[in-house]
Amino acid sequence: MSYQYTQQNRDEYFTQGFTILRGLIPPSLLTDLRRETDKARDIARAKYGPQTQRLQPVYAYDELNHQTFRDFLNLPELQATVNGILGDDHGQSDIMGVLLEPSSSAWATNWHRDWVHHDARVDKVDFEKVMMNPLMFNQFNAPLYDDHSLWVIPGSHNRLDTEAEKTAFGAIPVPAPKIDDSMSLAERELICSEYVRQMPGATPTALFAGDCAFYRSCQWHIGTYVPYTKRATLHDGFYGPEDLAWQLALKSAVRN
């Protein structure tokens, strides 16, 4: 059964910080997107090496059919979800990316909240204020193959860090898993897995081909990746006036 937006999606989004749009992508579009992301994988590895796990934005590469990605963004039920949760002033961006599996070795990001943990321009106190705005920091992961990479801390999108979170991963920059090329493939994988589960309340998000996780990127989250699971997951967001104004202010602060 194909996905249809309901009030439950909105309730989940505001209480848990994410909702899953099960079966959003129809079979014909899923087939087309898989074809285009196979090309994207080849481009990414040729340009950036075999371990690269992202090609973004897809619109920068003429080898790809850009309309296929636009067709995804224009799916009526995706639009209904965005409008129902955020309102109709949150538009498409031009930074659609595709997230890929590493070619040979397991890898994980660090536990993080987007922006505050990866951008030195962001003032932590200011971020803690604006993250409480439910209309900001909204993004999605839409897997074209089953994808178990994303872990989240449900409910962390609208509160400050707990003492347990501060103890585990509260430093800036957040420490990354301790892996290096001298380790065996299995050792790297298990170290990443252990690192992920050190966060109190860590919850895996099981996504299946054709689903879409719509979530607030200001919540604690992480991605962990293994080479034996094919991955092609669309990644982008829907941004409104508050997001755009905040990002513009960051850029202006750097120039000044």
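Quick one: what Rg and Dmax do you get for segment 183-233 from the alpha carbons, in Å?
In order Rg, Dmax, the Cα atoms of segment 183-233 give 12.8, 35 Å.
So if I take the alpha carbon set of the chain, get Rg, then get Rh from the Kirkwood formula, what is the Rg over Rh ratio?
On the Cα set of the chain, Rg over Rh gives 0.95.
Taking R0 as 45 Å, what's the FRET efficiency between GLN7 and GLU187 from their Cβ-Cβ distance, rounded to 0.05?
On the way: r = 46 Å, r/R0 = 1.03.
Calculated value: 0.45.
How big is the accessible area of VAL125 in square angstrom, nearest 10, if you roll a 1.4 angstrom probe over the protein chains?
Answer for VAL125: close to 90 Å² accessible.
Near LYS166, which aspartates and glutamates are there with a Cα under 19 Å away, not counting those fewer than 8 places off in the same chain?
Filter leaves ASP114, ASP119, ASP123, ASP126, GLU128, GLU194.
With a ≥ b ≥ c the root eigenvalues of the C-alpha gyration tensor of segment 134-241, is it rounded (a/c under 1.5), prolate (a/b larger than b/c) or oblate? Walk me through the intermediate numbers first.
Values: a/c = 2.13, a/b = 1.12, b/c = 1.91.
Judged from the Cα gyration tensor, segment 134-241 comes out oblate (a/c at least 1.5, b/c at or above a/b).
Would you calculate the convex hull of the Cα atoms in segment 67-156 and tell me its volume per residue in Å³?
Working: hull volume 14.5 nm³, N = 90.
Value for segment 67-156: 161 Å³ per residue.
With a 1.4 Å probe and all protein chains kept in place, how do ARG121, ARG159 rank by accessible area, largest first? Kindly include the intermediate steps, with their values, before the conclusion.
Numbers: ARG121 105, ARG159 65 Å².
Result of the area sort, largest leading: ARG121, ARG159.
Considering only protein heavy atoms, what per residue accessible area in square angstrom results for segment 149-256 with a 1.4 angstrom probe?
Values: 5050 Å² over 108 residues.
So segment 149-256 comes to 47 Å² accessible per residue, rounded to a whole number.
Got a number for carbon plus sulfur as a percent of segment 1-131's accessible area, 1.4 Å probe?
50
Straight-line reach from LYS230: which lysines fall under 28 Å, measuring Cα to Cα and dropping same-chain residues less than 8 apart?
The reachable lysines, counting only those whose Cα sits under 28 Å from LYS230, are LYS39, LYS47, LYS178.
Given the protein chains as shown and a 1.4 Å probe, how many square angstrom of LEU33 are accessible, to the nearest 10?
0
Using the Kirkwood radius built from alpha carbon pairs, what does the Stokes-Einstein equation give as D for segment 25-71 at 10 °C and 1.306 mPa s, in µm² per second? Write down the numbers at each step before the final one.
Values: Rh = 11.1 Å.
Answer from the Stokes-Einstein relation: 143 µm²/s.
From the square roots a ≥ b ≥ c of the eigenvalues of the alpha-carbon gyration tensor of segment 1-128, which class results: rounded (a/c under 1.5), prolate (a/b over b/c), or oblate?
Values: a/c = 1.82, a/b = 1.12, b/c = 1.63.
Judged from the Cα gyration tensor, segment 1-128 comes out oblate (a/c at least 1.5, b/c at or above a/b).
For segment 7-43 and segment 66-138, what is the separation of their Cα centres, given in Å?
Using only Cα atoms, the two centres lie 13 Å from each other.
The values are calculated or read from the model by the stated rules, or taken from the named source; none is laboratory data. Everything numeric here is computed off the predicted structure, so don't read it as measured data. Note that we place each Cβ from the backbone using ideal geometry, even for glycine, and neighbour counts take in every protein chain shown. Accessible surface is based on the protein model in full, side chains and every heavy atom, while ligands, DNA and RNA are left aside. Shrake-Rupley method; radii C 1.70, N 1.55, O 1.52, S 1.80 Å.
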